[in-house]
Amino acid sequence: MSVYEKLASMDAMMEKEGPGAGIELLRQQGYLSVCLPERWGGRGWEISPAGMLPMLELLREIGRGSLAVGRIYEGHVNALRLIHSFGTAEQKSRWSGDALDGCCFGIWNTGRPEEDVKFVKGQDGKIFLEGAKVFASGAEWVDRPIISAKNFDGGSQLLVIAPAGSGLEFDRTTWDPMGMAGSVSHRLDVTGVEVFTEMLLGQPDCYARQPWLSGGAMRFAAVQLGGAEALLEITRQHLRATGRTDHAYQEERVSKMLTDCESGRLWLGGAAERAEAAESEPERLVHYVGMMRSAIEGICFRTIQRAHQCVGLQGMLRPHAMERVSRDLMTYLRQPNPDGSLMGAGRYALGIAEPLESLWKGKKE
Ligand SMILES: Cc1cc2nc3c(=O)[nH]c(=O)nc-3n(C[C@H](O)[C@H](O)[C@H](O)COP(=O)(O)OP(=O)(O)OC[C@H]3O[C@@H](n4cnc5c(N)ncnc54)[C@H](O)[C@@H]3O)c2cc1C
């Protein structure tokens, strides 16, 4: 059984019981460390230019099996990228070691304005955290989350915390979503956690640095594409099993779904190629990924619609996998700033005189 088949076989269970079994599978496969640079014991996926495509393909594969586990794994990969971009040598060594030992990382940045996390001064000059994070995907299954906190100058400081054994408790009342329940994206109040220098990652506001704040959207787009592929395959199997294949409209819809999913794969290749020039052409990568995530969002929407049209009401009834995967994909498509990222590509192209043929030039051209 492939990894995506194993994840798919556990996905309904994980929706109710949480993503532990899926994360354990990734741990056993060695996927928690592939995104470390080679000198720190990994395979350099994500972090090295040549490692971007294998990373995107793996994210797609995991998303195909379970969007919830894909979401958590995407956060893990993002967190290790942040550590290897902004950490000190000592931090890189410590947290790479933790990843090699099977620790799952995450990035919990989102907070409600009225309660987002900030630094406060305690007695004896000690510094503590006050406030809460929401949408903390992975919850207690994440061993080393990176969170952001407003420092005394108003900057956003990243820190790596270790909630296990700290007495912190997730508030499970705020995450009751239409889909992606298995991502356990709960609220965590971190008030009272003491801040030590070794927890601080990078300079204030480093998280917002481009091109990777926006360019990193290629990772969630890859996971989303996996969800569209899952729906395509569920549809195909359903039509074959029910003998509903010999029908021109079904053939047309499946053909369009195949075309869309294949286009998505080409977008992964295009984004990975542009990532190779990320440092010299950061703006180009940001806007290319803006187009890519928007294209993949469209692919996913169309695939959901066509899958529903192909299968009909049977696909809306539990425990049909289409029911769950459609809900999960609809929910996971909601990512920050979708309009802004689409507008950006147009603004970029309208603002420069470069001819069209070299506008998105990749390494090979
Ligand atoms: C399953 C799931 C898990 C998640 N896990 C995590 C996690 O682990 N860590 C984490 O930090 N976050 C997480 N998130 C949160 C995520 O990163 C985003 O914050 C969230 O998805 C934003 O979605 P939204 O639709 O509310 O976006 P919004 O930004 O509110 O967008 C909604 C709409 O409003 C538009 N809009 C935005 N701003 C404006 C404006 N000023 N004026 C007019 N229109 C505007 C947008 O273009 C869009 O059309 C998770 C989200 C999901 C769905």
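Annotations
- Paramagnetic reach from SER48 (point 7 Å along Cα→Cβ, amide N under 18 Å) across the stretch 275-316: 275-279
- Relative contact order, percent, the stretch 189-306 [alpha-carbon distance under 8 Å, six or more residues apart]: 43 percent
- Length-normalised contact order for the stretch 132-222 - Cα pairs under 8 Å, 6+ apart - percent: 35 percent
- Based on the Kirkwood approach, the hydrodynamic radius assigned to the stretch 3-106 is 13.7 Å, with every pair of different Cα atoms included.
- The chain: Rg to Rh, with Rh as the Kirkwood radius over Cα pairs: 0.98
- Rolling a 1.4 angstrom probe over the protein heavy atoms with all chains in place gives the chain an accessible area of 46 Å² per residue.
- ³J(HN,Hα) computed for each position of the stretch 64-70 - Karplus, 6.51 cos²θ - 1.76 cosθ + 1.60, integer Hz, glycine/proline x: 5, x, 7, 5, 5, 5, x
- Normalised by the number of residues in the chain, the mean separation of alpha-carbon contacts (under 8 Å, six or more apart) gives a relative contact order of 17 percent.
- Set LYS92/LYS126; LYS92/LYS150; LYS6/LYS118; LYS16/LYS126; LYS16/LYS256; LYS6/LYS361 screened for pairs whose C-alpha atoms are more than 29 Å apart: LYS6/LYS118; LYS16/LYS126; LYS16/LYS256; LYS6/LYS361
- Taking each DSSP H run with n ≥ 4 as -39500 (n - 2.57) and averaging over every residue of the chain yields -17000 deg cm²/dmol at 222 nm.
- Where LYS361, LYS92, LYS121 fall by accessible area, highest first, once all protein chains stay in place (1.4 Å): LYS121, LYS361, LYS92
- The stretch 273-348: trypsin sites (Lys or Arg not before Pro) in DSSP loop, at most 15 other beta carbons within 10 Å: ARG334
- Which of ASP176, ASP260 is most accessible, then next, and so on - probe 1.4 Å: ASP176, ASP260
- Take the Cα of ALA353, step 7 Å toward its Cβ, do the same at ALA248, and the gap between the two points is 5.3 nm.
- Whole-percent carbon and sulfur share, accessible surface of the stretch 212-359, 1.4 Å: 55 percent
- The mean of 1/r over all distinct Cα pairs in the stretch 203-269, once inverted, gives the Kirkwood hydrodynamic radius of 14.2 Å.
- Span per principal axis, largest first, for the Cα atoms of the stretch 107-204 (Å): 44, 28, 24
- Carbon + sulfur, % of accessible area of the stretch 112-174 - ligands and nucleic acids excluded, 1.4 Å: 48 percent
- Projection of the Cα convex hull of the stretch 212-359, averaged over all directions and equal to a quarter of that hull's surface, yields 9.7 nm².
The values are calculated or read from the model by the stated rules, or taken from the named source; none is laboratory data. Keep in mind that what you see is a predicted model, and the values were worked out from it rather than measured. Here the Cβ is made from the backbone with ideal geometry for all residues, glycine too, and neighbour counts use every protein chain on show. SASA here: full protein model, heavy atoms, side chains in, ligands and nucleic acids out. Shrake-Rupley method; radii C 1.70, N 1.55, O 1.52, S 1.80 Å.
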